[in-house]
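These notes are about the structure you will find just below.
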Amino acid sequence: MPKYLVVVESPAKAKTINKFLGGKYLVKASYGHVRDLPKRDLGVDVEHNFEPKYVRLRESAKAIKDLKAAAEKCDHVLLATDPDREGEAIGWHVAELLKAAKKPMDRIVFNEITKRRIREAVENPRPIDEDLVNAYQARRVLDRLVGYKISPMLQWSVRKGLSAGRVQSVAVRMVCEREAEIRAFEPEEYWTLDALLQTERNEALTARLSKIRGETAKLGNQEAVQAVLRGVEGETFRVNAVERKEVRRHPYPPFITSSMQQEASRKLRFSPRKTDRIAQQLYDGIELGPEGAVGLITYMRTDSTRLASEAIEDVRGFIGAQFAPEMLPEKPNFYKSKKGAQDAHEAIRPTLTSRTPEAMAAFLNEDQLKLYTLIWKRFVACQMASAVLDQTAVDIAAGECMFRATGSIVKFRGFTALYEETQEDKGEGENGGKELPDVKEGEGLSLEGLKPEQHFTKPPPRYSEASLIRALEENGIGRPSTYAPTINVVLDRGYVVREKGRLMPTELGEEVNGLLVKNFPDILDIAFTARLEDDLDHVEEGRREWHELLREFYVDFEKDLDEAQRRMVAEAVGEDARCPECGSETTLQQGWYGPFLRCVRYPECSGKISLRKKAQAEPTDEICEECGSPMVIRMGRFGRFLACSNYPKCKNTHNIDEQGNKIERPPREKPVKTDQKCPDCGGFLLIRKNRRGEPFYGCENYPKCRFTKPMELNLKCPRPGCGGELVSKRAKGRRFVGCDKYPECDFAVFGQVDKDTPCPKCGNGWTILFKPRGKPRVRQCPVPSCDYEEEAPE
């Protein structure tokens, strides 16, 4: 019987760790969080020191049951959740649920899932860090207060289903303000003037006008250019000064969460969500043939560039053995972490440098290999020698004008032989590294021609996902674990869309942002949000009491909330809204269908005033093809759509694009009659298609008879050795695909069967499309042994 119960978050991690520990240990997964604030109410007792009211998550019921049963059988519980604030909280929640077992509980932490680190962690347990837990609770309560109190006001003022968040709303503001900058930008004309020159040895040299009479050259129009051209006409071009210097380019620091997400976005076109998911797989453990499952990288949620001394020794030994001697610097390279970084963590690196991408290629899928290669190269390069460049600047005088030519050549490639960071939004005129001819001061040059060129200043670029993460990090907004979820939320909510790889606010996003900035300037203030993040870090460090932080925040927040509610009510029903039944004062209440004003004498008086806001229909030039009435744009639960103004007499609708243009529907296919009879009315069954284009059987007597049944799938069960047929089934109101040999075979998958798209990894002839709640649609392979999964945009 096992003596220790080890609790981790994921079954993949449990499988890897189980291999490193002997029979005395039983490793079980909690499958993420086991408790949280309730979904349907605030869950925070504001009147009693902001105490949170945690409830067990329904989806974790089976995991909790298994953990309790396992705890009863063991003598000691080891909480091995992730080594960060959230991981500490999950461990604490598990400990709270297992208290009834009355077994000693300890916390173990590790940055990498390797045999050595797991053994070290088990031998050095510690108590749960209450400061980390309190920091998590403070963040969770803050987020709940902001979301739960502000979101209903958004739903009332804009439309149902919207939400606000402490960090996500600031991110939306940054995207909206960048868009406003772009719209307000007015291009300014400017000119450049290049002199095409030749040396005495017939070597070409191009120099750009840099100064006029000792002042920086500014050519705002063609007239200014013509004046310069007249000024240099007939003048001798002569080398005035030559400046040569050696410049060193130092290696980039190893990855932290934000830099990994940014570089994966730029180099691999991975979304932050995808990068996080693949990094989690590499951390949890990959099967390496006879070696078994091993974690290939260290923990991926970190803001520290620190490297363990043994990791530095390992990589320096590898560089010394595999590269030229000059590629290894005399001393290791050390990198300074940003202010406030958690140096208890390491940077993201391979757990073993000798596991090169080439050696791992046989065990990783395509996306895993791409990300692992990026992490491996960045880590190895960070301990290589600096690159050395020779930079040259040549100043050339012509009358009152000075022209300048610049160039550089790589003298020693150093770390750049292995790794170069991808640059985004390069400015005009950035050199790619050209070599200049060897000229000397006083040397005369012959003029081959002058090349004036007109330019216009450009607006700031829209944020990409990578540059938004960088901006959030630079402004102190969010932490490593929040960057990807923040971008996911603003995209999923429809506040922001991707446009040619850039983030652009939607009409909805700008409306929501305008409302929040007007009514909650502190919550949307970047500096305020950054200070709040620092305060949460102080709680984590034990320098601040978390209840005090919440009290201080709530005083001003409640004032803003009350003022915003008063202003919104006044706009809807006037300053002094009285009960329509008895004339008494009213108070604002939140009901199932939105906010309303209720009489202060309730329940004696049941008078109330609805505050539901009806969206105004936008007129269009479209005419309804069914009844001839004008079409209007309305707002529905899935966004804007085109509807007949004669509703409800005419229910004709159309989808529209972002510009409000009608999207024509493809012609509807006629149902195909079959020889099968309807069991309900005796009519013939027709093959119809649902709104997703999937065929099904429906009665020809519809709508009098509503009998339907799914089509035959003609697919074999993918479980090895089963041989059964897949059929469409329904359970608890959900349609799914299962094996007809149930209960002998319990294979089942939820989602839409796509017979036209095979799995690119294992070659299975069909895949499944499904959309998790609050997340984008994904495509998965149904074969149990295949882990293929990727986002599948609508």
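Structure above, values below:
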item	result
Strands (runs of 3 or more DSSP E) wholly inside the range 650-694 that include at least 2 residues being over 22 Å from GLU507 (Cα atoms), of a type in the set (A, V, I, L, M) and more than 42 Å from the chain's Cα centre (by Cα)	684-689
Residues located in the range 182-209, provided they are under 43 Å from the mean Cα position of the chain (by Cα), touching a residue at least 12 places away in the same chain (Cβ under 8 Å) and not in a loop (DSSP other than H, G, I, E, B)	ILE182, GLU189, TYR190, TRP191, THR192, ARG208
The range 289-304: number of residues that are within 23 Å of LYS274 (Cβ to Cβ) and assigned to a loop (DSSP other than H, G, I, E, B)	8
Cβ pairs under 8 Å, 6+ apart, first in the range 31-42 and on the phi > 0 side of the Ramachandran plot, second crowded, with 18+ Cβ neighbours inside 10 Å and not in a loop (DSSP other than H, G, I, E, B)	TYR31/SER60; TYR31/ALA63; GLY32/SER60; GLY32/ILE90
Test: CYS605 is open to solvent by less than 50 Å² (accessible area, probe 1.4 Å) and closer than 30 Å to ASP657 by Cβ	no
Close pairs (7 angstrom Cβ cut-off, 6 or more residues apart or separate chains): over 17 Å from PHE412 (Cβ atoms) in the range 319-342, surrounded by fewer than 17 Cβ atoms within 10 Å (Cβ to Cβ) and modelled with pLDDT under 95 anywhere	SER337/ASP343; GLY340/ASP534
Evaluation of LEU536 against (1) of a type outside the set (Ser, Thr, Tyr); (2) in contact with a Ser or Thr (Cβ under 7 Å, 6 or more places away or on another chain); (3) modelled with pLDDT of 90 or more (one fails), failing number	(2)
Subset of the range 723-735 (residues that are modelled with pLDDT under 90, of a type outside the set (Gly, Ala, Ser) and exposed (fewer than 15 other Cβ atoms within 10 Å of the Cβ))	ARG730, LYS732, ARG734, ARG735
Odd one out for TYR252 among (1) in contact with a Lys or Arg (Cβ under 7 Å, 6 or more places away or on another chain); (2) surrounded by 20 or more Cβ atoms within 10 Å (Cβ to Cβ); (3) among the aromatic types (Phe, Trp, Tyr)	(2)
Among the candidates PRO480, PRO505, residue that is in contact with a helix residue (DSSP H, G or I) (Cβ under 9 Å, 6 or more places away or on another chain), of a type outside the set (A, V, I, L, M, F, W, C), over 30 Å from MET384 (Cα atoms) and open to solvent by less than 50 Å² (accessible area, probe 1.4 Å)	PRO505
Hits in the range 547-570 (condition: in contact (Cβ under 8 Å) with a residue 40 or more places away in the chain and not hydrophobic (A, V, I, L, M, F, W, C))	HIS547, ARG551, TYR554, ASP560, GLU563, GLN565, ARG567
Meets criteria (of a type outside the set (Asp, Glu) and crowded, with 23+ Cβ neighbours inside 10 Å) for ALA138	yes
Hey, THR373 assigned to a helix (DSSP H, G or I) and either in contact (Cβ under 8 Å) with a residue 24 or more places away in the chain or closer than 27 Å to SER259 by Cβ (or both) or not	yes
Filtered residues of the range 752-775 (kept if open to solvent by 30 Å² or more (accessible area, probe 1.4 Å), touching a strand residue (DSSP E or B) at 6+ places or on another chain (Cβ under 6 Å) and either at pLDDT below 80 or assigned to a loop (DSSP other than H, G, I, E, B) (or both))	THR757
Condition met for GLN262 (within 18 Å of the chain's Cα centre (by Cα), closer than 30 Å to ASP537 by Cβ and surrounded by fewer than 19 Cβ atoms within 10 Å (Cβ to Cβ))	no
Hey, PRO580 more than 34 Å from the chain's Cα centre (by Cα) and not in a helix (DSSP H, G or I) or not	yes
Selected residue (criterion: farthest from GLU694 (Cα to Cα)) from residues of the range 712-722 that are exposed (fewer than 14 other Cβ atoms within 10 Å of the Cβ) and not acidic (Asp, Glu)	GLY721
Of all residues in the range 50-59 being touching a Lys or Arg at 6+ places or on another chain (Cβ under 8 Å) and not hydrophobic (A, V, I, L, M, F, W, C), the one that is most open to solvent (accessible area, probe 1.4 Å)	ARG56
Number of positions in the range 559-602 that are under 20 Å from VAL46 (Cα atoms) and open to solvent by 80 Å² or more (accessible area, probe 1.4 Å)	3
Enumeration of residues in the range 95-132 that are closer than 23 Å to ALA293 by Cβ and part of a helix (DSSP H, G or I)	LYS115, ARG116, ARG117, ILE118, ARG119, GLU120, ALA121, VAL122, GLU123
Search result, residues across the range 305-318 that are among the small types (Gly, Ala, Ser) and either in a helix (DSSP H, G or I) or under 20 Å from the mean Cα position of the chain (by Cα) (or both)	SER309, ALA311, GLY317
Per-region count, the range 141-168, residues more than 22 Å from the chain's Cα centre (by Cα) and open to solvent by 50 Å² or more (accessible area, probe 1.4 Å)	4
The listed residue being within 27 Å of PHE255 (Cβ to Cβ), open to solvent by 40 Å² or more (accessible area, probe 1.4 Å) and part of a helix (DSSP H, G or I), out of VAL489, VAL517	VAL489
Positions within the range 544-578 being within 16 Å of LYS608 (Cα to Cα) and modelled with pLDDT of 85 or more, in sequence order	ARG578
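The values are calculated or read from the model by the stated rules, or taken from the named source; none is laboratory data. Everything numeric in this text was worked out from a predicted model, so none of it was measured. A quick note on method: Cβ atoms are made from the backbone with ideal geometry, for glycine too, and the neighbour counts reach across all protein chains shown. Accessible surface is based on the protein model in full, side chains and every heavy atom, while ligands, DNA and RNA are left aside. Shrake-Rupley method; radii C 1.70, N 1.55, O 1.52, S 1.80 Å.
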